[in-house]
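Let me begin by presenting the structure, written as structure tokens, before commenting on it.
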Amino acid sequence: MKQTIALQTPGRSDLDQSSLFSFDQFTAARPTAPVIHRDARFLLVRSGSGVIRLQGREYPLSAGSLAAILPWQISEIVRVDEPLACSVIAYHYDTVARAAHLFRGEDGQPMPMARLMETVPVLELSPRQRAEAGRIADGLSRELGLASLQEEGQLFSSLNAVSLLVQLTVLFARQALAADRPADAQGPDHRELLRYMYLHCGQKLTLQQLADVFGCSRSTVSARITAMTGLSFFDLLNEMRIGKTADYLLYTDLTLKELAEILGYVDESHISKVFAARLGTRIGQYRATYQKVQNICQIEESRLGYSLVQHIYRHYREDLSAAGVARAFGISVQQLNRTLLCQVELNFEDFLALIRVNRACKLLTTTRMTVLDIALEVGYRNAKTLNRNFLKYRLMTPSAYRAANSGQ
């Protein structure tokens with residue numbers, strides 16, 4: 001029988017639930033059990049040799065190897081030839097991705113972090129690169145302290161940690177672009193089920209959607225998820241949503257009703273029940289204890305994505321435009337769309353349209369307002385625009401949606 005894979009403990013620090021980064025040392029004298037990582041991390045091998053299996057592929061490790069692991073990927077050390085001594089840097093992926101996306105390559109495009117880390121996850125660094133990576137890791141150790149010893153970081157440690165992690169990411173990206181890439185697998189790999197779920201857990205995700213993407217039956221998808229994690233599809237989906245919920249609780253003042261819609265919960269009662277059952281504390285208590293809205297990472301950029309989502313969600317009824325919102329936040333339209341793509345995987349126009357369509361759905365099933373009145377209520381100037389976006393996101397007209405859901 002296939003072994004269930006352990007889920008990594010949520011959070012990057014046992015000392016501070018709102019911590020964005022942590023640093024630790026890790027030694028493996030023998031192979032390790034596979035683990036599903038909730039957070040992103042870099043693994044820098046300082047000495048020793050062996051083999052790591054990441055997303056089903058095996059990669060050699062030796063002094064100077066640098067491995068990049070993304071959220072909800074699976075890794076295990078399958079062979080140890082000499083005891084492996086490693087530096088482990090866990091980090092909040094969205095924060096580092098947003099910081100890295102501020103800078104462009106020669107083609108004017110942001111650095112494709114996730115794609116590079118998925119394609120070439122383990123690199124062998126040159127002596128010069130190895131020294132540079134060691135310098136960055138040592139700097140992170142001084143800033144953040146050692147997690148296993150519960151050492152506290154220095155003042156403004158998060159600010160400097162972002163800078164150091166961007167440096168490490170750039171070093172990784174440069175080497176990954178020059179490295180030989182493995183041949184693409186034929187068809188979607190079932191090990192990517194978890195990553196796909198994580199990237200789309202804010203949507204109304206279903207087993208049928210996963211089955212369509214990965215070319216198999218719903219029962220097969222369900223069985224694979226349970227075999228890998230020991231959790232049902234819905235329990236795992238809630239685990240992923242809880243992590244994103246915690247981030248929004250820390251970095252915004254969105255209401256439970258607003259969070260439920262953004263993150264794919266049924267309603268505010270559902271999000272409260274799931275959160276309390278998983279973390280053993282009410283959402284209000286968690287937010288009061290850990291929220292640092294005014295002081296997250298000491299830089300405004302780390303809050304920009306959350307602030308933009310909150311602003312658009314709160315003002316969707318108004319005559320919003322990408323140019324107007326960008327101007328209000330003192331950024332360019334390109335930066336607005338880039339930030340939203342990192343945060344919710346939608347650009348401004350699509351995110352605003354989705355919010356308005358979701359609100360229209362509620363009004364269609366709970367009121368007798370005409371389609372025109374509903375269109376005006378959610379921010380459109382006419383019913384035609386609502387119809388067009390309804391067809392895009394619901395594959396039917398508002399009238400057909402009302403008829404199909406009138407009994408709900």
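The values are calculated or read from the model by the stated rules, or taken from the named source; none is laboratory data. The structure displayed is predicted, hence computed values, not measured ones. All Cβ positions, glycine included, derive from the backbone under ideal geometry; neighbour counts span all protein chains shown. The accessibility values were calculated without ligands, DNA or RNA, using every heavy atom of the protein model including side chains. Shrake-Rupley method; radii C 1.70, N 1.55, O 1.52, S 1.80 Å.
Among the criteria (1) surrounded by fewer than 18 Cβ atoms within 10 Å (Cβ to Cβ); (2) part of a helix (DSSP H, G or I), the one residue 368 does not fulfil is (2). For beta carbons closer than 7 Å, sequence separation of 6+ or different chains, a first residue in segment 379-396 that is on the phi > 0 side of the Ramachandran plot and a second that is loosely packed, with under 15 Cβ neighbours inside 10 Å, the qualifying pairs are 379/317; 379/318. Scanning segment 42-69 for residues that are assigned to a loop (DSSP other than H, G, I, E, B) and of a type outside the set (Gly, Ala, Ser) yields a single hit, 55.
Residue-level check: of (1) open to solvent by less than 60 Å² (accessible area, probe 1.4 Å); (2) in a loop (DSSP other than H, G, I, E, B); (3) free of Cβ contacts under 8 Å to residues at least 40 places away in the same chain, residue 254 misses just (3). Reported count of residues in segment 336-354, each being without any contact (Cβ under 8 Å) to a residue 60 or more places away in the chain and part of a helix (DSSP H, G or I), is 11. On the stretch given as segment 21-41, residues that are open to solvent by 40 Å² or more (accessible area, probe 1.4 Å) and assigned to a loop (DSSP other than H, G, I, E, B) total 5. When segment 315-334 is filtered for residues that are in contact (Cβ under 8 Å) with a residue 60 or more places away in the chain and open to solvent by 30 Å² or more (accessible area, probe 1.4 Å), the ones remaining, listed by number, are 317, 318, 319. Note on segment 117-145: residues that are open to solvent by 10 Å² or more (accessible area, probe 1.4 Å) and under 17 Å from residue 20 (Cβ atoms) amount to 4.
Do you know which residues across segment 152-178 are at pLDDT below 75 and out of contact with any Cys (no Cβ under 9 Å at 6 or more places or on another chain)? Lay out the reasoning, then the answer.
Keep residues of segment 152-178 that are at pLDDT below 75, which gives 152-159.
152, 153, 154, 155, 156, 157, listed by residue number.
Could you please let me know if residue 344 is at pLDDT below 90, open to solvent by 20 Å² or more (accessible area, probe 1.4 Å) and touching a Phe, Trp or Tyr at 6+ places or on another chain (Cβ under 7 Å)? Taking the combined requirement at face value, the residue satisfies it. The condition of being at pLDDT 90 or above and over 23 Å from residue 258 (Cβ atoms) holds for only one of 391, 376, 372, 395, that being 372. Please go through segment 191-225 and give me each residue that is at pLDDT below 85, surrounded by fewer than 18 Cβ atoms within 10 Å (Cβ to Cβ) and under 18 Å from residue 235 (Cβ atoms), ordered by number. Answer for segment 191-225, where residues must be at pLDDT below 85, surrounded by fewer than 18 Cβ atoms within 10 Å (Cβ to Cβ) and under 18 Å from residue 235 (Cβ atoms): 196, 200, 203, 204.
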